[in-house]
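Throughout, read-outs are computed from the coordinates displayed, never taken from laboratory work. What you see is a predicted model; the values in this text were computed from it and never measured. We place every Cβ from the backbone using ideal geometry, glycine too, and count neighbours over all the protein chains shown.
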Amino acid sequence: MDFLGIVDIPTWLLILVTCGVLYVYYMTSTHGTFKKLGIPGPQPLPVLGNALYVVRKGLFDSIVDGYKYYKHHKMYGIFEGRTPVLTVTDLDLLKEILVKQSNNFTNRRQYASMAQRYLDTILFIVKDNEWKQLRATLKSSFTSSRLKAMHPKMAELLKQMFDVLKEQAKDKGQVEISSVIGCFCMDFIASIGFEHNCDSLHNPQNDFMRVSRNVLDSFAERTFFFEFFSPPFVKPVLDQLGINILPKSDILFLRKFVTKAMEARSQRVENPDDFLQYLIHHCPGLGLDKSATEGGLTLEQIYGSALTMILAGYDTSAKGFHFAVYLLAMHPECFSRAQREVDEVLQGEFPNPTNVGQLTYLDMCIKESIRMYPLGFFFERTCNKETILQGVKIPKDMIIRVPVAGIHSDPEIYTEPFKFIPERFADDKSRHPMAFIPFGAGPRSCFGEQLAMQMMKVGLAAFLQVFHMSPCVKSVYPIRLKPFGDIIVDHGLWLNLRPRQQCPKGEPVSHQL
Ligand code: HEM
């Protein structure tokens, strides 16, 4: 093509350059948003926004640093590529957004490139009234009586986990705990969710575990790049091409698993009282229980909720559990105090949902562990409608980020925040309600908090009954995290495990070495 009568440029090159210019313009066109609103923030680069800082520091540390730097500005804005993200650092403002005016901040960011059509009924993702209805229907799936009913299964699997750990500790006593605890949590979730015995403790490579792990890892690894650099109109195209945050084949595998489990139940006279049965019971479309028609679930919502259980339930609890065990092992004084408490209070009785309520120091240890390593180290809301907060206009659709990791490591709230000091949780009342939010806050907070806390308390108490633990030569402390994705440890969690000579009377110890 003849360009201005001067040079002969090939058409393809002209198209390419035009597309490039349009892309740069499009990706940069939002970068004045925060200036217009009078909100401070680091200067964005064309196209990249503030991605380079996140790449250099890692997501976790960039949230801690951002909070520290902008704390006294109450909020600051960054750009993920072209997407403005408003991080709120003021605790009163956060209470306003998450609790008092939560009706204006109901939803989360929508991941257009997430194989969305298979996941748009997941509780974490659904919006507005659908979210309200779904949350209300699922509300009683984890009542305290249902949680108690799950306990025998938990005790049985803990016993199996301790046997595996004892076997691994036989030689030098050195054990990597994160993978074994991960297998325990997966077996527990599969069991209480779907009466499925995937036996990851003895076969960690089973399909259910492999596929679930792959879905979680893909989400952790790919989200950053998808969200930063692909403009919204490109995401559906990528989706059509099969390029997604989540591997479609794995999602389909998990859906098929749920379908098969439901089909098997339709042939049986008696069914287990697990999470899947709860969902089936609440799905009038399946015609199983006419009393459940009011506010019932659709078949797609059953798939979404089953996936929620697998994806939200397993990894979070596993990490919560392994951080607590590891941190205690790295702090011998805290370990001894927690073990003494377990021995004195439980008197050899196996921990259960009721008796662990008396373990106040253990509770502090778990809180301190999820303070230091909050698995949801940030979470988000979007603004449903324009809202004025302390004189600042928050436009509709703005993404609001809650910098949990920053708040949890604020030295004005927690002295020596990078030290493990469970005693700081002896007095919870003087702290601002938004200063400790490992499970989020307000009506959209974590749905599985009670289940997760029960797993961690019972599991940790049983651990202390059965093992002595201490650092070993392979232990790394302070813990190093991977720079991207979820909160992922960058090394094995190795420690020394010695089965205790004095057995408690409860179940698992009969398997002592
Ligand atoms: C230690 C373990 C866990 C931690 C630290 C954790 C943390 C969180 C956080 C920070 C949020 C966002 C809250 C917000 O936006 O205000 C969340 C949401 C959620 N969590 Fe958890 N979680 C854990 C375990 C679980 C378990 C075991 C399940 C399910 C069985 C679960 C299911 C969910 C769901 C469904 C949501 C979305 C709720 C909604 O949108 O209504 N979580 N979790």
Hey, what angle do you get for helix 11-28 against the long axis of the chain, alpha-carbon based, 0 to 90 degrees rounded to 10? 60
In Å, what is the Rg of the alpha-carbon atoms in the stretch 401-462, and how long is Dmax? 13.2, 37
Set Lys319/Lys385; Lys35/Lys68; Lys248/Lys482; Lys132/Lys256; Lys68/Lys482, cut-off 29 Å on Cα-Cα distance; pairs above it are Lys319/Lys385
HN-Hα J couplings of the stretch 435-444 from phi, Karplus 6.51/-1.76/1.60, θ = phi - 60°, integer Hz, Gly and Pro as x? 7, 9, 9, x, 10, x, 7, x, x, 9
How would you rank Lys148, Lys256, going from fewest to most other Cβ atoms within 10 Å of each one's own Cβ? Lys256, Lys148
Could you please state, rounded to a whole Å, how far the C-alpha centre of the stretch 128-146 is from the C-alpha centre of the stretch 314-361? 29
Give the span of the chain's Cα atoms along each principal axis, as three whole-Å numbers ordered largest to smallest. 91, 58, 46
Per the rule of 0.36 nm per residue minus the C-alpha distance, extending Ser145 to Asn214 adds in nm 21.5 nm
On the formula 1/(1 + (r/R0)^6), with r taken between the Cβ atoms of Ser179 and Asp343 and R0 of 41 Å, the FRET efficiency rounded to 0.05 is 0.90
5 angstrom amide H check on Phe379, placed H, neighbours 5+ away: Val402, Val404
For the pairs Lys166/Lys457; Lys57/Lys172; Lys71/Lys396, note any where the Cα-Cα span goes beyond 27 Å. Lys57/Lys172
Among Trp494, Trp12, rank each residue by its count of other Cβ atoms within 10 Å, from fewest to most, as a rough exposure measure. Trp12, Trp494
Quick one: angle between helix 177-194 and the longest Cα principal axis of the chain, in degrees between 0 and 90, rounded to 10, please. 90
If a paramagnetic tag sat 7 Å from the Cα of Glu416 along the Cα-Cβ line, which residues of the stretch 314-343 would have the backbone N under 19 Å from that point? 327-338
Please give, to one decimal in nm, the separation of the simple spin-label points placed at Asp427 and Lys260, each 7 Å out from Cα toward the Cβ. 5.7
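Quick one: compute a quarter of the convex hull surface over the Cα atoms of the stretch 1-106 and quote it in nm².
9.9
Could you list Thr308, Thr382 in order of exposure, starting from the residue whose Cβ has the fewest other Cβ atoms within 10 Å?
Going from sparsest to densest Cβ surroundings: Thr382, Thr308.
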Taking only Cα atoms, what is the 0 to 90° angle, nearest 10, from helix 449-466's long axis to the longest principal axis of the chain? 40
